[in-house]
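I have placed the structure first, in the form of structure tokens, so that the comments after it can refer back to it.
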Amino acid sequence: MAREPIHYTEYFEPVCKVLGDWGLLVLSLDASGKPNPMTIGWGTLGIVWSRPMWAVLVRPSRYTYDCLEQTGDFTVCVPPAALDDVAMFCGTVSGRDHDKLAEQGLTVLPSETIRSPGIAECPIVYECTVVQKTDVVPEAFDPRIVQQCYPQGDFHRVYFGEILRTTADREAVKTLLG
């Protein structure tokens with residue numbers, strides 16, 4: 001893979017499509033330094049506080065929550081359609097009990113600006129450092145959202161990750177959507 005730095009908005013539309021179709025992978029390190037990927041289907045890529053930002057939502061019950069709290073950084077990795085089953089796996093098993101990268105045969109991609117790595121098989125990787133985190137306020141939600149998305153409670157914490165670097169393998173991006 002010939003990976004090069006890109007502007008974080010360069011592939012905005014395909015990234016949003018993947019987010020909505022099979023999900024993106026957020027990686028952070030656990031206390032022992034082991035990378036842990038988690039699939040997200042909700043997130044926002046844009047500008048906050050005049051900075052490029054990924055806002056990702058993670059429930060306190062998730063292993064990734066503890067990883068983000070300890071590490072303070074993460075990568076957002078955009079898997080191609082061929083890895084939609086990997087995204088499904090990473091979204092349904094816990095890093096408490098599984099080494100998801102090893103079990104799925106994924107390769108760690110060292111980051112240049114943060115400690116958490118990316119995934120080499122993902123054509124686009126965003127390196128992010130947490131600049132703000134906030135818990136959602138249940139009372140402020142439209143009741144329909146609470147009913148649909150939070151029937152058991154377990155409300156998310158929103159992590160705002162400033163994008164420090166974005167890389168892409170342009171050849172692999174061509175096949176991103178399958």
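Throughout, read-outs are computed from the coordinates displayed, never taken from laboratory work. In this text the structure is predicted, and so the values were computed from the model without any measurement. Quick reminder, even Gly has a Cβ in these numbers, built from the backbone with ideal geometry, and neighbours come from all protein chains shown.
Scan the stretch 7-94 for chymotrypsin sites (Phe, Trp or Tyr not before Pro) in coil per DSSP, keeping those whose Cβ has at most 10 other Cβ atoms within 10 Å, and list them by number. Each step should come with its number before you reach the end.
Numbers: sites: 8, 11, 12, 22, 42, 49, 54, 63, 65, 74, 89; in loops: 8, 11, 22, 42, 49.
Listed in order of number, the matching sites are 49.
Summing Cβ point charges (Lys, Arg +1; Asp, Glu -1) relative to the Cα centre of the chain gives a dipole of roughly 180 debye. Unpaired Cys in the chain, meaning no second Cys C-beta under 4.7 Å: 16, 67, 90, 128, 149.
Taking other C-beta atoms within 10 Å as the exposure proxy, 21, 73, 142 rank 142, 21, 73 from fewest upward. Between the residues 124, 68, 107, the greatest Cα displacement towards the positive end of the dipole of the chain, with unit charges on the Cβ of Lys, Arg, Asp and Glu, is found for 68. Normalised Debye scattering of the chain at q = 0.18 Å⁻¹ gives log10 I(q)/I(0) of -1.19, counting only Cα atoms as equal scatterers and leaving out solvent.
From Cα pairs below 8 angstrom and at least 6 apart in sequence, can you work out the relative contact order of the stretch 68-158, rounded to a whole percent? Walk me through the numbers before you get to the answer.
On the way: 96 pairs, mean separation 30.3, N = 91.
Taking the mean separation of contacting Cα pairs over the length of the stretch 68-158, I get 33 percent.
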